[in-house]
Amino acid sequence: MTCAILEMRCVTKSYASPGGIVHALRSVNIEIHRGEFVMITGPSGSGKSTFLHLAALLDRPTSGTVVFEGRDASEMDEDTAARIRAVRIGMIFQRFHLLGHLSAIENVAFRFRYSKISRREALDRSRMALEAMGLKEISAKRAYALSVGEMQRVAIARAVVLEPAILLADEPTGNLDSESADRVMETLGTLHGKGLTVIMATHNERLLSHATRHIVCVGGRMGDAGQE
């Protein structure tokens, strides 16, 4: 087995609410290995998005340890976590978070805003990322003029243009029709085939055929499908 890229060791995440303490995750022990395509399923409110936020170093657990590429997240300050997130972690969501007034290529190039490379190189690499998604013809179109399927694939291009170690996807097909969803899943499958580690949360169990591993999340507890 290849080495773990992400580990959660006895991770609990709790929130205060007017009705009392909400335990979003409960004593989660998970290892994700390089090259896996992991799908996480479970009902709304089961902890899937909380897991992804912790994996993306966007939040910290109430207790337990999150380790990304061998580094304990609790020992990172916010600047360090942000630098790792900017380069090593790609993220896509159900909402595309594109800037409507910018072109597709400019939206992808926005990922380079904190890098030291030239604008020309950023645009060249963004153009190649769009071509790899089959979006060469729409690179100059404003984001607001794209179809929802095109928007999501532009969002994927933006997420992977810096060649991250891992791609985190939170319900990336949730707003798409079945044809567009299939195109997105083909794209993710191609990226995984090139070695990218993918973790995807979804309600749609029809998509499980794309995964190499299936994790179930229920009531804040997580484990591989079929485990007791």
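Data table
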| item | result |
| --- | --- |
| Table column - 3J(HN,Hα) (Hz), region 15-26, Karplus curve with 6.51, -1.76, 1.60, x for Gly and Pro | 10, 7, 9, x, x, x, 6, 9, 9, 6, 10, 10 |
| Accessible heavy-atom area order of ASP79, ASP224, highest first, probe of 1.4 Å | ASP79, ASP224 |
| Three-way shape call for region 1-101 based on the alpha-carbon gyration tensor, with the a/c threshold at 1.5 | rounded |
| 18 Å Cα-Cα reach of LYS136 towards lysines, excluding residues that sit fewer than 8 places from it in its own chain | none |
| Taking N as its residue count, the alpha carbon Rg of region 103-228 over 2.2 N^0.38 Å | 1.15 |
| Förster radius 25 Å - calculated FRET efficiency between LYS116 and LYS194, Cβ distance, rounded to 0.05 | 0.45 |
| Amide H contacts of LEU25 (H built 1.01 Å from N, under 5 Å, at least 5 apart or other chain) | LYS13 |
| Surface per residue (accessible, 1.4 Å probe) for the chain, Å² | 50 Å² |
| For region 1-156, with +1 on Lys and Arg beta carbons and -1 on Asp and Glu, the positive-most of PHE68, HIS101, HIS53 along the dipole | HIS101 |
| Pairwise Cα inverse-distance average, inverted: Kirkwood Rh of the chain (Å) | 18.2 Å |
| Candidate aspartates and glutamates for bridging to LYS13, where Cα separation is under 13 Å - those fewer than 8 sequence places away on the same chain excluded | ASP59 |
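The values are calculated or read from the model by the stated rules, or taken from the named source; none is laboratory data. Quick caveat, the model's predicted, so the values are computed rather than measured. Neighbour counts are summed over all protein chains in view; Cβ atoms, including those assigned to glycine, are modelled from backbone coordinates with ideal geometry. These area figures cover heavy atoms from the full protein model, side chains too; ligands, DNA and RNA do not enter into them. Shrake-Rupley method; radii C 1.70, N 1.55, O 1.52, S 1.80 Å.
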